[in-house]
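Written out below as structure tokens is the structure these notes cover.
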Amino acid sequence: MAFTFYNTLGREKQLFKPKDGNNAVGFYGCGPTVYNYAHIGNLRAYVHHDILVRSLRHAGFTVNHVMNITDVGHLSDDADGGDDKMVKTAEERGKSVLEIADFYTQAFFKDTDRLNITRPTVVCKATEHIADMIALIKRIEENGFTYIAGGNLYFDISKFPSYGELALLRLDDLKAGARIQQDENKRNPGDFVLWFTKSKFENQALVWDSPWGKGYPGWHIECSAMSMKYLGENFDIHAGGIDHIPIHHTNEIAQSEAAAGVKPWVNYWLHNEFLVMNDGKISKSKGSFLTLQNLVDEGYDPLDYRYFLLSGHYRSQLQFSFDSLKGAKNSRKSLIDKIKALADKSGTQETEIKEENIIKYIEAFDKAIEDDLSTPRALAVLWGLLKEETASKDALAAVLKMDEVLGLGFKDIIAGKNHDNTEFTQEIEELIAKRAEAKKAKDFTAADNIRQGLKERGIILEDGPAGTVWKHL
């Protein structure tokens, strides 16, 4: 298969060629900042990453997929402003930062598992790679790209002439303060912090010793340090949401190439568009957002949402509504019915596809995926196959081969495994029982934590003479 990807660096579709000229691909996808639940807009990025990895593996590539977990250093403004997201949530919940990080990391992977997203090859936590970040910052400093002001170590973008190339930013505009509010410590408004000291926050929860004083890393440096640790100083693909282009990914490029003296640091940049609702982009800062669990509570299978996402191209904005999700649910159900009928009639599927007509569908599917991961066209090919073929073993084998990329769980469906996620009610009942046991043992803190945890998921408990009942907010 010959993939073409739309490379943000260059703004054009480019033929994909692994850097080493073989079948090994290094891929880094920006992971979550684990201070809250992932909302459904966040999850679009991880479905996109999964389609990319599945497609490459389907084509015979070996993919080393690295993803970070941000558990320190990400401020509420990507350009070094505002509060630390992790610290703010920890203070609000009365927990430690690491407790918050662990809870929401587990919640994140529960969501990705339910969406049938393949786990990355390497999952790396920022707090476990501080030494790597310090070592990388020292290289940047030794190469003359930094300065200290107000106790913090800054990257000087004026020393890096190609700064802003990814985002098509002009260095002169940034120097004039066009992008962000002026920080009195910065020589240029676009400069960014590599290492914060306690001059930024007097009571920062997590701090480490460093050559620049006790403090903690800036958010951008973690992705550079960890990707380079696991993928080297030049690798194939970096992906994330389009909101990362102007600041986070732009800063990653500058600091990585400044440290390694290698250009380009990354060969292909892939960015997914936003999921939008009637009032615009979904955002945690608005205080109200939909999680995957909210969709499950409304009666949808997580794979209904995956199907919905695949119906739009990753580079196009996708309008979310419950009407559109209902349409996806109905389409997926019709698809399942057709696959079950095909399996009942054809029996055990063939492992080798020989029918020329079926081979043509496989080729059309592969061409759709090769063309910048066009999942809408790939789904159309699948539907075409199922409408034409009603009892072919080769057709069933083709369906399963296509699902290596789509990840809609067809093999499990044929095997009769449950995909209705009816475990939700059982989970709630188990938590209510644990809460009752905690109250009986006079462990009221544990009981309150269970109630609060359920409330955060949109479930309220009501205690009465007949026991505890639950309902949606």
Restricting segment 98-128 to residues that are in contact with a helix residue (DSSP H, G or I) (Cβ under 6 Å, 6 or more places away or on another chain) and of a type in the set (D, E, K, R), the one surrounded by the fewest Cβ atoms within 10 Å (Cβ to Cβ) turns out to be R114
Write out, first by first residue and then by second, each pair whose Cβ atoms fall under 9 Å of each other, whose residues are 6+ apart or on separate chains, and whose first residue, in segment 50-69, is touching a residue at least 12 places away in the same chain (Cβ under 8 Å) and in a helix (DSSP H, G or I) while the second is basic (K, R) and surrounded by fewer than 23 Cβ atoms within 10 Å (Cβ to Cβ).
H58/K401
Subset tally (residues that are open to solvent by 10 Å² or more (accessible area, probe 1.4 Å), outside any loop (DSSP other than H, G, I, E, B) and over 24 Å from A225 (Cα atoms)) for segment 1-38
6
Members of segment 363-391 that are closer than 20 Å to H271 by Cα and not in a loop (DSSP other than H, G, I, E, B):
A368, I369, E370, D371, T375, P376, R377, A378
Within segment 440-461, restricting attention to residues that are among the charged types (D, E, K, R) and at pLDDT below 80, which residue is farthest from the chain's Cα centre (by Cα)?
K455
Within segment 120-166, the residues that are assigned to a loop (DSSP other than H, G, I, E, B), more than 17 Å from T250 (Cα to Cα) and modelled with pLDDT of 95 or more are P120, T121, H129, N143, G144
Of all residues in segment 294-349, which are within 19 Å of L115 (Cα to Cα), of a type in the set (D, E) and either open to solvent by 60 Å² or more (accessible area, probe 1.4 Å) or part of a loop (DSSP other than H, G, I, E, B) (or both)?
E298, D301
Taking the conditions exactly as written (more than 30 Å from E355 (Cα to Cα), part of a helix (DSSP H, G or I), of a type in the set (V, I, T) and modelled with pLDDT under 90), does I413 satisfy them or not?
no
Under 9 Å between Cβ atoms, at least 6 apart or on separate chains: pull out the pairs that start in segment 378-392 with a residue that is under 29 Å from L52 (Cβ atoms) and open to solvent by 20 Å² or more (accessible area, probe 1.4 Å) and end on any residue that is outside any helix (DSSP H, G or I) and at pLDDT below 95.
E389/E355
In this structure, does E430 turn out to be under 30 Å from E92 (Cα atoms), modelled with pLDDT of 80 or more, among the charged types (D, E, K, R) and open to solvent by 80 Å² or more (accessible area, probe 1.4 Å)?
yes
Given the conditions (1) assigned to a helix (DSSP H, G or I); (2) of a type in the set (K, R); (3) touching a residue at least 40 places away in the same chain (Cβ under 8 Å); (4) closer than 18 Å to A380 by Cβ, report the number of the one that K360 does not fulfil.
(3)
Pairs where the first residue, in segment 120-135, is farther than 19 Å from V34 by Cβ and the second is of a type outside the set (A, V, I, L, M, F, W, C) and open to solvent by less than 20 Å² (accessible area, probe 1.4 Å), C-beta under 6 Å, 6+ apart
T121/H65
Check G21, G60, G41, G29 and return the single one that is on the phi > 0 side of the Ramachandran plot, of a type outside the set (D, E, K, R) and either modelled with pLDDT of 95 or more or in contact with a strand residue (DSSP E or B) (Cβ under 6 Å, 6 or more places away or on another chain) (or both).
G60
Lone qualifier among E352, E370 - being open to solvent by 60 Å² or more (accessible area, probe 1.4 Å) and either at pLDDT below 95 or touching a helix residue (DSSP H, G or I) at 6+ places or on another chain (Cβ under 9 Å) (or both)
E352
Is at least one residue of segment 74-93 open to solvent by 10 Å² or more (accessible area, probe 1.4 Å), within 29 Å of I157 (Cβ to Cβ) and touching a His at 6+ places or on another chain (Cβ under 8 Å)?
yes
Condition first: part of a helix (DSSP H, G or I) and either over 22 Å from G60 (Cβ atoms) or within 22 Å of the chain's Cα centre (by Cα) (or both). Now tell me which residues in segment 397-410 satisfy that.
D403, E404, V405, L406
Go through segment 124-140 and give me each residue that's in contact with a strand residue (DSSP E or B) (Cβ under 7 Å, 6 or more places away or on another chain) and of a type outside the set (A, V, I, L, M, F, W, C).
K125
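The values are calculated or read from the model by the stated rules, or taken from the named source; none is laboratory data. Nothing here was measured: the structure is a model prediction, and the numbers come from that model. Here Cβ is always computed from backbone atoms with ideal geometry, including for glycine, and neighbour counts include all displayed protein chains. Surface accessibility is based on the protein's heavy atoms, side chains included, excluding ligands, DNA and RNA. Shrake-Rupley method; radii C 1.70, N 1.55, O 1.52, S 1.80 Å.
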